[in-house]
4 protein chains.
Amino acid sequence: MVRFALIGAGFIGGVHAANLAAHPDVDLVVIADPNVERARTLADRHGARWTGEVGEAIAADRVDAVFIASSTDTHAANLRRAADAGVAVMVEKPIDLDLAKAIDVARYVKASGIPTMVDFNRRFDRDYAEVRRVVEAGEVGTVELVQLTSRGPAVPPLEYIAVSGGQMRDQAVHFIDLARWLAGADPVEVYAAGSALAEPRLTEYDDVDTSVLTLRLATGALVQIDCTRRIGYGYDERLEVLGSTGLVQARGHRTGTVARYGLGKVVEDGMDAGWFERARPTYRTALDHFVASLLQGTAPTASLEDGIRAQAIAEAATLSLHSGRAETIDYPVL
Amino acid sequence: MVRFALIGAGFIGGVHAANLAAHPDVDLVVIADPNVERARTLADRHGARWTGEVGEAIAADRVDAVFIASSTDTHAANLRRAADAGVAVMVEKPIDLDLAKAIDVARYVKASGIPTMVDFNRRFDRDYAEVRRVVEAGEVGTVELVQLTSRGPAVPPLEYIAVSGGQMRDQAVHFIDLARWLAGADPVEVYAAGSALAEPRLTEYDDVDTSVLTLRLATGALVQIDCTRRIGYGYDERLEVLGSTGLVQARGHRTGTVARYGLGKVVEDGMDAGWFERARPTYRTALDHFVASLLQGTAPTASLEDGIRAQAIAEAATLSLHSGRAETIDYPVL
Amino acid sequence: MVRFALIGAGFIGGVHAANLAAHPDVDLVVIADPNVERARTLADRHGARWTGEVGEAIAADRVDAVFIASSTDTHAANLRRAADAGVAVMVEKPIDLDLAKAIDVARYVKASGIPTMVDFNRRFDRDYAEVRRVVEAGEVGTVELVQLTSRGPAVPPLEYIAVSGGQMRDQAVHFIDLARWLAGADPVEVYAAGSALAEPRLTEYDDVDTSVLTLRLATGALVQIDCTRRIGYGYDERLEVLGSTGLVQARGHRTGTVARYGLGKVVEDGMDAGWFERARPTYRTALDHFVASLLQGTAPTASLEDGIRAQAIAEAATLSLHSGRAETIDYPVL
Amino acid sequence: MVRFALIGAGFIGGVHAANLAAHPDVDLVVIADPNVERARTLADRHGARWTGEVGEAIAADRVDAVFIASSTDTHAANLRRAADAGVAVMVEKPIDLDLAKAIDVARYVKASGIPTMVDFNRRFDRDYAEVRRVVEAGEVGTVELVQLTSRGPAVPPLEYIAVSGGQMRDQAVHFIDLARWLAGADPVEVYAAGSALAEPRLTEYDDVDTSVLTLRLATGALVQIDCTRRIGYGYDERLEVLGSTGLVQARGHRTGTVARYGLGKVVEDGMDAGWFERARPTYRTALDHFVASLLQGTAPTASLEDGIRAQAIAEAATLSLHSGRAETIDYPVL
């Protein structure tokens, strides 16, 4: 039984709370949120204690692990608290929007020796995991080209955009991580081009809503990522890996299998409405993985170093958006 | 809040217990099963009381509704108990394998005036519900031909076959109900042909494992149903409704969207492994419907009469299997 | 080089003329049609002679083979002429609408020893041929259930209906042949049910436009065929063979691969507009097969006996439409 | 009737010869090829004259139009001959591998006033034409992102590579043209990255076999193109256009619709074996368009200017391959 503290009782905190409460090997001990009403409501629903004091929740004698689902600007401080308390930690990405600060805290946490995992939940998507299995098994030969598509239904509110770090750090970073993970190798350079087409005011924030990235791996293999913030047809995520002997695809998800045949056309069920419909099951699977790694003493699949590397690539991509040229990626040593 | 007693703590009882426990408008008060160990284990998991005495569980001052998920041979007696106690009841199909007994108890329960629903859960499949919406909205015109496919992964154990009532009453009946519900009309005659191909010993039980049915509605519209007990490719359920102006299909469910392209072929994810993978979400949706109908005082969609009518058709189909001719269907008046 | 006479210069005669003219091993010598204008126009286009006298066209010193694409009521007489002349013959189905007459002429032709082939062109559909290959290779195990769908865009004119022999003999017969060919076995009994839904006046002709057939093979395997004359979504032909270890399907043909994604729906290209779009390539492949069989001295795949057998089944199906029971099929000995 | 000379009797010349011969409004007068044996064989098959002298074939009193399907290095000279003779001309792309020479000859031909068309046959693919119709009709809103995939089955022989101009000019150029045509606008800059993964010896030719391009239109819309020379799963061409309100895709072509269901997988028919299977019908449609434009005196859809512009983009992409930065595109004035 792993005793958990959950930090953060917002929307995604609620998702994690339900998964923690339902997990047979987890005891959800306490939920902490500066908004105590929110903490209390969520804790009551799942039979946990609640507190407004994050530090108290992480106290080591009470919990074995902490799940950090608080706002992004508090991730670093909460990671340090967990390191100080010597408890395992699962943290929503990013470690910190500022790469230098993220590196600092990653080093600090690494030195503490606590087990850690970054919640790159898309690695736990059933279809993506199967794509990786196919690639790792060599069923498509050597990786030559990876393509990833990330398209959301709406531009986030400008207040969110203002603190998001921009499309590379906020949206592309998930697919950058997937690309590394699927290809089993790190890119050495990245080119990015972007435009503010859906929301021209993004230019005031030096941001874009429609962008494409090209990554080059050391092997010469190439990666294409396209990211758009607003599409008119729901939510669209898909990817494919082209190897020397074959191709493996994970197609977009539809809401159903109903087809309506009329003259000259067939109207089929459309795409998921939003990211949550697609991603929902991945949160539970990611948690399962983290808990199993704690119980078995193994390293979880998405480390702080994975988080730092994805951020370093997003950083270089942001640079490329402005420079108009392929930028070399520097990976910090943790 | 609707206070529920659950009767039956087997596999499907466990599914219903979890749905009842998670329902925001339900208080799962008690779980009853003659196997008290099983009742206790399940009740403990969901914070309910347990008992080995079904009669006690149905006592009206404690519960508002009873969910009958006990073995088929006890459905009738438990329905009578619920009628006597004046509590609402949701019951797994069939009411009773013996149609005459089923009619008797349906009349008894109807006379009592309690709200009742038969758990024809497939009506709550997202895709089938959408097909019905399309048909009801007239988007394919007048119904002319309905086709339903029901194919399972394995012949059930012979002990189960012995008490199942045969493939018409046990398997086809679900799709007979769907056909009535989708077409919005009752068949007037049925022809059935069958063979024991997967398990020749079924002939000792006067049963078949591969059968096809033709139903004729009063409008002249036709229905085809194919039922097989054992296929080599998992579980396959699909249907289509051909109307005068178009066609609407609910296709088979796949386990994922991954496609592996090789020379001359594309290997895609296969069908669900079994019925439960396909049907799982329908149990919760069916329960939602029943609870909402109780709270709103409306009639649920699948009545005891629906259950009796589907059984009457299965009965005539069983007769046709032997007679080799289309049999007229007699619908009893409740 | 095989020297051909083509009998019949109507629509389908024109299709055959083009295929004959383009075939590298064929010399299209003459085209005969009582409508000499039609014969002349078609012959001029393909550099052939023309005549209004069918008998003259079949004269043995001029041609090696005759392709009978004349009106159905002349097939029998033209077959006899070919037999008398000792030239090979390919004939559009049916041999004769009257089964007894068809048997007579089949016996006469068989006795003559000339090579013959009935143009069951669907056997030469690329997808159906692949389904048969899969079945014959045992890739789906033993055949247990075959399903075939045949749906056309419009009820033929009543003048055509009047001489068509009815839906079983005119439409279902093609799929009856496919079922025999795919299953590799003959049905022993057939049940059919039908209605006149698209064109109620068909009842005046004792005919139906919406029908379903159930065939039972000697092995116990079952076949379902659904035939409709008028659908609102184009032309729909598909089939599947369920074996003991797997399933093989030939899906319906679409006019293209374009998909238009909007909110909640994906609009894909629809079905073929009519049978000719689907069947066009099969006529050439069937001709290739016949010519190759002549050059190599092998027996073509669809014999007069195949034609007679399919007709015998259609005959029993017609009987069943009225009797409401499964009818035993008698296969004549040629 | 348009009297045609065909220049070039190689593989693609043979394709054009058959289409010219079958066209109801075309009289294929003469076929010219320095290889007179080849010219004679092809001409005999289609009832045309033959010659080894290209100049003679283009003589204006004999023909109205010339179809240039000779080797790439002769395109420019043959275009000049046609301009001098005052006959219309359809020419296989490219005009000349050297952009400066191509511009020169395009100006020369333009000044002559003869009708011209570059055979960008992919514009005549049924599915791509439908995608363009959807885009032009505004059914997906304003174009924001275009993606094109071009993947061939095998690296061409090194002798071909040596004179091909490289992957940008030889392969990508077709999809660059499609991108311009679909988006209805010209790119202003292009970035390209590439590797020699399938055939490392390509580096000796300063060439690549796996490349990705990013184009930016003046509107800010982006284009991604991926080109690979050798894939292990046949031939794969597809594209999609993302607009502000929806998406339209043309999917890859399969060889059939057969699906084989086994445990946990469905094996479907694979991709076309090569480009010709996919492109075959486009040659005829492109010819139809050219002939119709001549008869109606309208401008054909793919002009010499279109050819020059696509080449200018391929030129800048080739530059970018080496510079590692987005290159501005200069469009020459003809």
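The values are calculated or read from the model by the stated rules, or taken from the named source; none is laboratory data. This one's a predicted model, so the numbers in the text were calculated from it and none came from an experiment. When we count neighbours, we look across all protein chains shown, and the Cβ atoms used for this are built from the backbone with ideal geometry, even at glycine. Areas reflect the complete protein model, heavy atoms only, side chains present, ligands, DNA and RNA absent. Shrake-Rupley method; radii C 1.70, N 1.55, O 1.52, S 1.80 Å.
If you scan region C:221-242, which residues turn out to be more than 30 Å from residue A:254 (Cα to Cα) and open to solvent by less than 10 Å² (accessible area, probe 1.4 Å)? Result: C:221, C:222, C:223, C:224, C:225, C:227, C:228. Taking the listed residues C:230, C:216, the one that is within 21 Å of the chain's Cα centre (by Cα), facing chain B (nearest Cβ under 10 Å) and among the basic types (Lys, Arg) is C:230, with no other qualifying. The one condition from (1) within 13 Å of chain A (Cβ to nearest Cβ); (2) in contact with a helix residue (DSSP H, G or I) (Cβ under 9 Å, 6 or more places away or on another chain); (3) of a type in the set (S, T, N, Q) that residue D:257 does not meet is (1). The residues of region C:200-220 that are buried (at least 24 other Cβ atoms within 10 Å of the Cβ), more than 14 Å from residue C:322 (Cα to Cα) and aliphatic (A, V, I, L, M) amount to a single one, C:215.
Within region B:249-306, the residues that satisfy the criterion of being β-branched (Val, Ile, Thr) and in contact (Cβ under 8 Å) with a residue 24 or more places away in the chain are B:282, B:285, B:291, B:301. Screening D:122, D:126 for residues that are among the charged types (D, E, K, R) and open to solvent by 50 Å² or more (accessible area, probe 1.4 Å) leaves exactly one candidate, D:126.
For region C:44-64, the criterion of being among the β-branched types (Val, Ile, Thr) and within 19 Å of the chain's Cα centre (by Cα) is satisfied by no residue at all.
Considering A:116, A:41, A:72, the condition of being touching a strand residue (DSSP E or B) at 6+ places or on another chain (Cβ under 6 Å) and β-branched (Val, Ile, Thr) is satisfied by A:116 alone.
Here residue D:316 meets each of (1) within 14 Å of chain A (Cβ to nearest Cβ); (2) in a loop (DSSP other than H, G, I, E, B); (3) within 19 Å of the chain's Cα centre (by Cα) with one exception, condition (2). Residues that are more than 15 Å from the chain's Cα centre (by Cα), within 15 Å of residue B:4 (Cα to Cα) and of a type in the set (Val, Ile, Thr) within region B:79-116 comprise B:87, B:89, B:114, listed in sequence order. Those strands (runs of 3 or more DSSP E) of region A:1-108 in which 2 or more residues are open to solvent by 10 Å² or more (accessible area, probe 1.4 Å), at pLDDT below 95 and hydrophobic (A, V, I, L, M, F, W, C) are absent.
When region B:85-110 is filtered for residues that are small (Gly, Ala, Ser) and in contact (Cβ under 8 Å) with a residue 24 or more places away in the chain, the ones remaining, listed by number, are B:85, B:86, B:88, B:102, B:106. Could you give me the residue pairs with C-beta distances under 6 Å whose first residue belongs to region B:140-159 and is more than 8 Å from chain C (Cβ to nearest Cβ), whose second residue is open to solvent by 40 Å² or more (accessible area, probe 1.4 Å) wherever it lies, and which are 6+ apart or on separate chains? Listed by first residue and then by second, the contacts come to B:149/B:238; B:154/B:230; B:155/B:230.
Residue B:289 - would you say it is within 14 Å of another protein chain (Cβ to nearest Cβ) and part of a helix (DSSP H, G or I)? So residue B:289 does not fit the description; no. Once region B:172-199 is narrowed to residues that are facing chain C (nearest Cβ under 9 Å) and surrounded by fewer than 21 Cβ atoms within 10 Å (Cβ to Cβ), the residue that is nearest to residue B:243 (Cα to Cα) is B:189. For the residues C:296, C:311, the requirement of being away from chain B (no Cβ under 14 Å) and open to solvent by 50 Å² or more (accessible area, probe 1.4 Å) singles out C:296. Would you confirm whether or not region C:283-296 contains a residue that is in contact with a Pro (Cβ under 9 Å, 6 or more places away or on another chain) and of a type in the set (S, T, N, Q)? Looking through region C:283-296, at least one residue is in contact with a Pro (Cβ under 9 Å, 6 or more places away or on another chain) and of a type in the set (S, T, N, Q). Take the conditions (1) within 13 Å of chain A (Cβ to nearest Cβ); (2) outside any loop (DSSP other than H, G, I, E, B); residue D:276 misses just one of them, which is (1). Confirm whether residue D:278 is modelled with pLDDT under 95, in contact with a Phe, Trp or Tyr (Cβ under 7 Å, 6 or more places away or on another chain), crowded, with 16+ Cβ neighbours inside 10 Å and not aliphatic (A, V, I, L, M). For residue D:278, the condition - modelled with pLDDT under 95, in contact with a Phe, Trp or Tyr (Cβ under 7 Å, 6 or more places away or on another chain), crowded, with 16+ Cβ neighbours inside 10 Å and not aliphatic (A, V, I, L, M) - is met. I'd like to know if region C:233-246 contains one or more residues that are among the β-branched types (Val, Ile, Thr), within 20 Å of the chain's Cα centre (by Cα) and within 14 Å of chain B (Cβ to nearest Cβ). Looking through region C:233-246, at least one residue is among the β-branched types (Val, Ile, Thr), within 20 Å of the chain's Cα centre (by Cα) and within 14 Å of chain B (Cβ to nearest Cβ).
Taking only pairs six or more apart or across chains, which ones have beta-carbon atoms under 8 Å, a first residue in region A:121-133 that is within 14 Å of residue A:179 (Cβ to Cβ) and within 9 Å of another protein chain (Cβ to nearest Cβ), and a second residue that is of a type in the set (S, T, N, Q) and outside any loop (DSSP other than H, G, I, E, B)? Listed by first residue and then by second, the contacts come to A:131/A:249.
Within this structure, residue C:323 passes the test of being among the hydroxyl-bearing types (Ser, Thr, Tyr), surrounded by fewer than 19 Cβ atoms within 10 Å (Cβ to Cβ) and farther than 25 Å from residue C:134 by Cα.
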